[in-house]
Structures are given as C-alpha cells and as structure tokens.
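Working notes, beginning with the structure itself.
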Amino acid sequence: MRTTLYNYFFARQQKGSLILRIEDTDQDRLVEGAVDSIYDGLRWMGVSWDEGPREGGPYAPYIQSERLPRYQQTAQELVDKGAAYFCFCSKERLAALRAQQSANKQITRYDGHCRNIDPKEAAERAKSEPHVVRLKVPMDGVIAVDDLVYGRVEWPINTIEDQVILKSDGFPTYHLAVVVDDHDMAITHIFRGEDWLPSTPKHLLIYKAFGWTVPPIAHFPNVLGADGKKLAKRHGATKVEQFRADGYLPEAMVNYLALIGWSPGTEEEVFSMDDLIAKWRIDQVQKAGGKWDRDRLDWFNGVWIRKLSDADLVARLDPFLPAEWDRTVINDALPIMRERMRTLVEGRELVRFLFTDDATYDPVALIPKKQERGAAARALARATAALKDTSPFAKPEIEAVLRKVAEELGWHIKDVSHVVRAATMFGPVGLPLFESLELLGTERALVRLERAAEILGEGPASA
C-alpha cells in the first residue's frame with residue numbers, strides 16, 4: 001500500500017495514468033477474494049486509478065492470467081530469434097543437480113544442459129515433450145540500472161542463470177509477464193518495493209532480448225518491523241482491512257505510510273492526500289527502510305480524528321457502535337471523547353459505560369493504591385451522600401463536591417476520583433470523571449456507587 005501511494009502521488013503530479021494490474025501468474029499462491037480486498041483497500045485509502053480489470057482501458061485485459069496467449073507468443077518470438085530455448089529437463093534431474101551443487105558448496109543454478117540442443121530438434125521435441133522456455137543469458141559482461149532511489153546498481157551477468165520465462169503449463173513466470181505488460185501498456189515509470197531489486201537484472205535481460213527500451217526504475221525501501229526485518233504477520237496486523245476494522249482513519253493511514261521511506265525535508269508531519277500529491281518528491285525517498293511504529297500511527301489517527309467535524313466524526317463512529325446506542329448521547333459526549341480517542345474502536349469503548357448498567361466489578365480495581373478496602377468503601381459512601389444533594393448535577397458542582405470529600409477524608413483528589421470512576425465507569429481510566437458523571441446522570445451514578453460499596457463489603461452506602 002505504501003508503494004502504491006508513491007505511485008499514486010507521482011502519477012497525479014505528472015498528470016499521468018495509474019494502472020491497476022492483477023499479477024496472478026503464480027497460480028499456486030492465489031487467494032480467494034484477494035482482488036476484492038485490493039479494490040476495497042485502495043478505495044478506502046482514497047486511491048483512484050485510470051485503468052484496471054473492472055474499469056477497462058486501452059490495454060485490457062489487466063489480469064495476467066487472461067493474457068496467456070500474448071506471453072506464449074512473446075516467448076516463442078525469443079526462441080525464434082535465438083534469445084531463448086526449450087528446456088526438457090525433468091524435475092528429478094533439476095533436483096539432483098541442485099543437491100550436487102549444494103554438496104559441492106556451489107551456487108545452485110541451471111547448468112545449461114538444454115541450451116545447445118539444435119533449435120530444429122528442440123522445436124520438434126517441444127510438440128510432444130513437456131518443456132519450459134528459458135532465456136539464453138549471455139555468458140559474461142555486466143548489466144546495470146540507474147535506479148532513481150539507489151543510484152547505479154550493477155550485476156555480473158555470469159551470476160545470473162538461464163531463467164525460466166514460460167512454464168510447462170503455458171503460464172509465464174512473473175519476470176516475463178511483467179516486462180511484456182509494462183512494454184505493451186506503455187508504462188513510463190516502474191516503481192516497486194526494494195524486494196524486487198535482486199530480480200531487476202532478470203528483467204533487464206528480457207528487455208535487452210526483445211530490444212525494448214527500459215523505462216526509468218525506482219525501488220522503494222521496505223516497511224520494517226521493530227526488529228528491523230521486513231514487516232510481516234509476526235509483527236501484528238499488516239492488512240489494510242484490519243486497520244479499517246480497528247478504527248483507523250484512511251487520512252491517518254495515508255499520512256503515516258507516506259512518511260515511512262520519505263521525508264519532506266521540513267518539520268511538517270501532518271499531510272492530507274492533496275498535500276502529499278503536491279509535495280512528495282522521488283528524490284526525497286530514503287534508501288534505508290522505515291520502521292513501522294503502531295504508537296506513531298495512533299498519534300496520527302488522533303490528530304485526524306480531532307480534525308473531523310462533529311457530524312463527520314459521528315458518521316465515522318456509527319458503524320462501530322451498537323444500533324441501540326442513542327446517537328444523541330454520543331453527540332453529547334463528543335467534546336470530551338475526541339481529545340482522548342486514538343481510534344474509532346477506542347471511542348466506542350470510552351463511552352460504553354454510558355450504555356451498560358450491568359457490568360461486573362473487580363473489588364481490587366475499586367481500591368486506590370496505598371488504600372485499604374474498608375477505606376475505599378467509606379470513601380464511596382461519603383461521595384454518594386455528597387452527590388445525592390448536588391444540584392445541578394453538572395461538571396462544576398460535581399467537581400466541587402468531590403474535592404470537598406477528598407479534603408474531608410484527607411485524601412488526594414485523584415484517589416477519590418479513582419474510586420468514583422471505577423464505580424461509575426467500570427474502570428480506572430477513561431473520559432474525564434466530572435464531565436462523565438454529568439453525562440451519566442444523578443440516578444444512574446448513585447445506583448452504581450451504592451452497588452460498588454456493597455461489593456466492597458461495607459453494605460449499602462446509606463447504611
């Protein structure tokens with residue numbers, strides 16, 4: 001997604017076209033629903049494209065498995081011009097070859113066994129024998145790319161094997177398909193993740209075999225986990241749909257992802273999609289991978305939540321809230337919610353106490369540090385008695401009453417607040433206490449305080 005964003009910024013800056021292409025030549029790795037997930041994720045993030053599988057375009061189809069005749073044609077073109085050849089080696093022979101090379105501590109690679117078969121003989125055999133098509137890689141020399149991020153990168157050609165470009169089932173390898181598609185679809189710039197840098201010499205050799213011009217290429221640094229390794233499932237959620245379900249805003253995701261691998265060269269950190277389209281520059285993309293930091297994403301999400309209007313925030317919260325929760329109450333709580341919520345899911349949990357009256361208490365959670373159970377129960381009784389007579393039941397009056405209770409008990413206000421919060425909001429942390437009690441109302445607050453006192457073993461607060 002991060003790399004797609006960089007493609008998107010560049011395409012829009014240049015008034016160009018962004019193409020969505022489904023590269024599914026590896027049929028063993030197909031995942032049901034993956035295309036729907038790609039569409040949903042990109043659209044949720046605010047990325048639009050100009051050509052694609054469902055949109056069509058001048059170079060359709062945009063799904064590689066629907067372009068097989070073109071790949072088979074181009075593979076045959078390379079065979080006909082002597083740049084590729086049919087290989088009839090069995091899986092067993094290739095496995096034995098790799099085992100022998102490994103035992104000899106050699107690089108495992110194809111040994112060119114079928115490279116010098118007479119082309120006419122090979123063509124005849126190919127009519128009836130299982131085979132693949134391999135690229136005939138030159139024996140020596142150097143191949144290089146002037147990468148727009150990494151600069152000039154060179155590879156000795158003698159380290160590159162005669163790669164398979166068309167498999168025995170008629171499907172191309174990714175390397176052939178992507179080069180043919182980029183050429184046929186008039187791709188002007190190739191931007192991809194650094195994982196593909198080691199494969200670049202294979203692509204360059206295919207371009208050279210066809211005699212095609214290589215477009216400018218850039219490889220962007222990987223997104224890394226906290227351990228410095230490429231972000232993967234072991235680091236936690238990595239799918240866009242999971243972050244959406246966890247209550248993150250697309251604006252925050254775009255903002256944060258853009259900064260993993262790119263720096264604007266200023267102290268600015270908060271960017272909208274339009275800002276990024278205007279300011280992103282490929283010469284500011286870093287070579288080193290950027291580390292994924294969930295806390296940092298939380299911070300950005302909080303920033304973008306606070307930028308939303310009340311109406312927009314309520315609308316975004318709505319799918320996360322039970323249908324029976326009164327949206328009027330949610331609106332009333334917004335002023336104290338928006339400053340403290342980092343995700344929409346967190347926002348829901350912050351106001352759950354307003355809609356739940358049957359929560360169970362953990363007696364230990366009701367007791368402040370350095371206080372005893374009996375003292376906590378007596379504090380609850382004093383607070384309950386004081387709040388009963390509080391009118392109006394509003395933030396200023398509630399605060400004044402509880403501060404007086406704390407003074408009379410010789411407690412710090414935070415300890416009294418702890419007991420009252422745990423009793424009325426079912427936990428030691430959450431929204432500001434005095435405002436929350438006002439939202440809860442006198443009757444519900446008193447019922448909860450009395451129940452909590454009973455649980456602490458001191459009997460009803462009025463006793």
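The values are calculated or read from the model by the stated rules, or taken from the named source; none is laboratory data. The model shown is predicted, which means the values in this text are computed figures rather than measured ones. Here the Cβ is made from the backbone with ideal geometry for all residues, glycine too, and neighbour counts use every protein chain on show. Only protein heavy atoms, including side chains, enter the accessible area calculation; ligands, DNA and RNA are left aside. Shrake-Rupley method; radii C 1.70, N 1.55, O 1.52, S 1.80 Å.
Worth a mention:
- Residues (open to solvent by 60 Å² or more (accessible area, probe 1.4 Å) and over 20 Å from Phe271 (Cβ atoms)) located in the stretch 302-314: Asp310, Ala311
- Failed condition for Lys15, given (1) within 23 Å of Phe220 (Cα to Cα); (2) open to solvent by 80 Å² or more (accessible area, probe 1.4 Å); (3) within 23 Å of the chain's Cα centre (by Cα); (4) not polar (S, T, N, Q): (3)
- Among the residues listed as Pro392, Pro396, Pro428, the single one being open to solvent by 20 Å² or more (accessible area, probe 1.4 Å), at negative phi, assigned to a loop (DSSP other than H, G, I, E, B) and at pLDDT 95 or above: Pro392
- Condition check for Gln64: over 16 Å from Leu205 (Cβ atoms), in contact with a helix residue (DSSP H, G or I) (Cβ under 6 Å, 6 or more places away or on another chain) and not basic (Lys, Arg): yes
- Qualifying residue in the stretch 365-372 (condition: modelled with pLDDT under 95, open to solvent by 60 Å² or more (accessible area, probe 1.4 Å), under 44 Å from the mean Cα position of the chain (by Cα) and within 19 Å of Arg421 (Cα to Cα)): yes
- Glu251 passes every criterion in (1) surrounded by fewer than 18 Cβ atoms within 10 Å (Cβ to Cβ); (2) over 22 Å from Arg192 (Cβ atoms) apart from (1).
- Failed item, numbered, when Arg93 is tested on (1) touching a Leu at 6+ places or on another chain (Cβ under 9 Å); (2) open to solvent by 60 Å² or more (accessible area, probe 1.4 Å); (3) not in a loop (DSSP other than H, G, I, E, B): (1)
- Considering the stretch 19-37, the residues that are buried (at least 16 other Cβ atoms within 10 Å of the Cβ) and over 20 Å from the mean Cα position of the chain (by Cα) include one that is nearest to Val47 (Cα to Cα), namely Ile19.
- Scan of the stretch 234-243 for residues that are touching an Asp or Glu at 6+ places or on another chain (Cβ under 9 Å), surrounded by fewer than 18 Cβ atoms within 10 Å (Cβ to Cβ) and within 17 Å of Asp36 (Cβ to Cβ), ordered by number: Glu241
- When residues of the stretch 98-151 are limited to those that are among the hydroxyl-bearing types (Ser, Thr, Tyr) and in contact with a helix residue (DSSP H, G or I) (Cβ under 8 Å, 6 or more places away or on another chain), the one most open to solvent (accessible area, probe 1.4 Å): Thr108
- Within the stretch 133-149, being among the β-branched types (Val, Ile, Thr), outside any loop (DSSP other than H, G, I, E, B) and within 12 Å of Leu197 (Cα to Cα) holds for one residue alone: Val145.
- Verdict on Arg125 being among the basic types (Lys, Arg) and in a helix (DSSP H, G or I): yes
- Yes/no for Thr74 being surrounded by fewer than 18 Cβ atoms within 10 Å (Cβ to Cβ) and in contact with a helix residue (DSSP H, G or I) (Cβ under 8 Å, 6 or more places away or on another chain): no
- For the stretch 208-228, the set of residues classified as loosely packed, with under 12 Cβ neighbours inside 10 Å and either closer than 13 Å to Val178 by Cβ or modelled with pLDDT under 90 (or both) consists of Asp227, Gly228, listed by residue number.
- Some residue of the stretch 275-283 being out of contact with any Lys or Arg (no Cβ under 6 Å at 6 or more places or on another chain), open to solvent by 80 Å² or more (accessible area, probe 1.4 Å), in contact (Cβ under 8 Å) with a residue 24 or more places away in the chain and closer than 21 Å to Tyr248 by Cα: no
- Pick from the stretch 331-351, criterion in contact (Cβ under 8 Å) with a residue 12 or more places away in the chain and of a type in the set (D, E, K, R), ranking: least open to solvent (accessible area, probe 1.4 Å): Arg338
- Note on the stretch 150-184: residues that are under 21 Å from Asp28 (Cα atoms), assigned to a strand (DSSP E or B) and not aliphatic (A, V, I, L, M) amount to 1.
- Every test in (1) open to solvent by less than 60 Å² (accessible area, probe 1.4 Å); (2) without any contact (Cβ under 8 Å) to a residue 24 or more places away in the chain; (3) β-branched (Val, Ile, Thr) is passed by Thr328 save one, and that test is (1).
- Test set (1) aliphatic (A, V, I, L, M); (2) exposed (fewer than 15 other Cβ atoms within 10 Å of the Cβ); (3) part of a helix (DSSP H, G or I) - Ala60 fails condition number: (3)
- Looking at the stretch 263-346, the helices (runs of 4 or more DSSP H) lying wholly inside it that each contain 2 or more residues that are under 19 Å from the mean Cα position of the chain (by Cα) sit at 273-279, 294-307.
- No other residue among Leu231, Leu205 is open to solvent by 30 Å² or more (accessible area, probe 1.4 Å), more than 19 Å from Trp44 (Cα to Cα) and among the aliphatic types (A, V, I, L, M) apart from Leu231.
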